[in-house]
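Down below is the structure, laid out as C-alpha cells.
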Amino acid sequence: MHTKNGEGIATDAQKIDRVFEELQKLYPEARPELHFSNAYEVLVATILSAQCTDKRVNLVTSRLFPKYPDAYAMAKLEPEELEPEIRECGLYHNKAKNIVAACRAIVSEHGGVVPSTREELMKLPGVGQKTAGVVLLAAFGDDQIPVDTHVFRVSRRIGLADATTAEGVEKQLRDILPRETWSHAHHLLIWHGRRMCHARGPECGRCPLRGELCQYGE
Ligand code: SF4
C-alpha cells in the first residue's frame with residue numbers, strides 16, 4: 001500500500017504498508033461477519049447490528065429473512081409487529097421503526113429494489129454514512145471504507161487517522177489508502193478491533209503492531 005497524502009497522521013507509506021501486512025498476517029481470513037445474500041438483507045442486518053454483535057444479528061436474521069424475504073414483505077409490517085422479532089438485538093423500538101420505514105420507502109420510491117447510490121441510500125430512514133457504505137461495499141461491491149466503532153478506534157490508536165468524527169476518519173483513511181484497498185482495510189481494522197484492540201483493555205502485549213507501528217500501548 002502507498003499513501004496518497006495526509007497531514008497530522010501517518011503519512012509514511014512504508015509504515016502504512018507494514019501495518020496492513022501485519023494485520024493481514026494476523027487475520028488472513030478477514031471478511032464480513034454478517035450473513036446476507038442480497039442488498040435488502042445487508043441493509044436490514046446492518047441496521048440491526050448497531051450496538052449488537054454480528055453473531056446475535058445472524059441468529060435473529062436466520063429467523064427473520066425466511067419470514068420476510070424482501071422489502072415488500074417487510075413494508076407490510078407495523079413496527080410494533082417487528083419489535084418482538086428483533087428484540088434480542090437491542091434498541092429494537094428504533095430499529096423496527098427504521099427498518100419498516102426504509103422498506104416502505106424502497107417499495108414506494110424504488111420499486112422494491114434497494115438503491116445503489118450513496119445519495120439515495122442516505123435518504124432512506126435510519127440509513128447514515130456508515131450503513132450506506134456497508135451496503136455499497138457488501139451488496140454492490142463498491143470500494144468503500146465505512147467507519148464503525150472499531151475502525152474509528154483502531155485507526156486513531158495506530159495513528160492512521162486523528163479526526164474526531166466517523167466522517168472525518170473515513171475521509172482521512174480514503175486519503176491515505178489506495179482506493180482498491182479500502183474494503184479489505186475496513187475488514188482488517190474491524191477484525192483487529194473485535195479480536196485484540198478492544199475498546200476496553202486492548203491486548204497490546206500480544207499485538208504485533210505494538211512499538212514502532214503503534215505507540216498507544218507503550
Ligand atoms: S498495540 Fe494495542 S492499541 Fe495498538 S493496535 Fe495493537 S492492541 Fe491496538
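The values are calculated or read from the model by the stated rules, or taken from the named source; none is laboratory data. Just so it is clear, the structure is predicted and the values come from calculations on it, not from any experiment. Positions of Cβ are backbone-derived with ideal geometry, glycine not excepted, and every protein chain shown enters the neighbour counts. Each accessible area value is taken on the protein alone, full model and side chains, heavy atoms only, with ligands, DNA and RNA left out. Shrake-Rupley method; radii C 1.70, N 1.55, O 1.52, S 1.80 Å.
Side notes on the structure shown:
- Selection from the stretch 190-206 of residues that are near the ligand (Cβ under 10 Å from one of its atoms) and touching a residue at least 12 places away in the same chain (Cβ under 8 Å): His192, Gly193, Arg195, Met196, Cys197, Pro202, Cys204, Gly205
- Summed over the stretch 170-200, the residues that are small (Gly, Ala, Ser) and open to solvent by 50 Å² or more (accessible area, probe 1.4 Å) give a count of 1.
- Criterion: in contact with a helix residue (DSSP H, G or I) (Cβ under 8 Å, 6 or more places away or on another chain), free of Cβ contacts under 8 Å to residues at least 60 places away in the same chain, over 20 Å from Val147 (Cα atoms) and not polar (S, T, N, Q) - qualifying residue of Ala73, Ala45, Ala50: Ala73
- Residue list for the stretch 207-218, filter: near the ligand (Cβ under 9 Å from one of its atoms) and either closer than 18 Å to Glu21 by Cβ or among the small types (Gly, Ala, Ser) (or both): Cys207, Pro208, Leu209, Arg210, Gly211, Leu213, Cys214, Gly217
- Test for His110: is it open to solvent by 70 Å² or more (accessible area, probe 1.4 Å), more than 19 Å from the chain's Cα centre (by Cα) and on the phi < 0 side of the Ramachandran plot: no
- Helices (runs of 4 or more DSSP H) wholly inside the stretch 47-120 that include at least 2 residues being farther than 22 Å from Leu136 by Cα: 54-67, 79-86, 92-110
- Residues that are within 10 Å of the ligand (Cβ to nearest atom), on the phi < 0 side of the Ramachandran plot and either out of contact with any strand residue (DSSP E or B) (no Cβ under 8 Å at 6 or more places or on another chain) or assigned by TED's automatic domain parsing to the domain that holds Asn94 (or both) occur at least once in the stretch 168-189.
- Candidates Arg104, Arg157, Arg153, filtered to the one that is among the basic types (Lys, Arg), in contact with a strand residue (DSSP E or B) (Cβ under 8 Å, 6 or more places away or on another chain) and touching a residue at least 24 places away in the same chain (Cβ under 8 Å): Arg157
- For the stretch 118-128, residues that are over 12 Å from Ile47 (Cα atoms), under 17 Å from the mean Cα position of the chain (by Cα) and in contact (Cβ under 8 Å) with a residue 12 or more places away in the chain total 2.
- Of all the criteria given as (1) open to solvent by 40 Å² or more (accessible area, probe 1.4 Å); (2) more than 21 Å from Lys123 (Cβ to Cβ); (3) of a type in the set (D, E, K, R); (4) at pLDDT 95 or above, the one not satisfied by Lys97 is (2).
- Hits in the stretch 123-138 - residues which are small (Gly, Ala, Ser) and crowded, with 20+ Cβ neighbours inside 10 Å: Ala132, Gly133, Ala138
- Checking each residue in the stretch 150-167 for being closer than 18 Å to Ala138 by Cα and either within 10 Å of the ligand (Cβ to nearest atom) or open to solvent by less than 10 Å² (accessible area, probe 1.4 Å) (or both) picks out only Val151.
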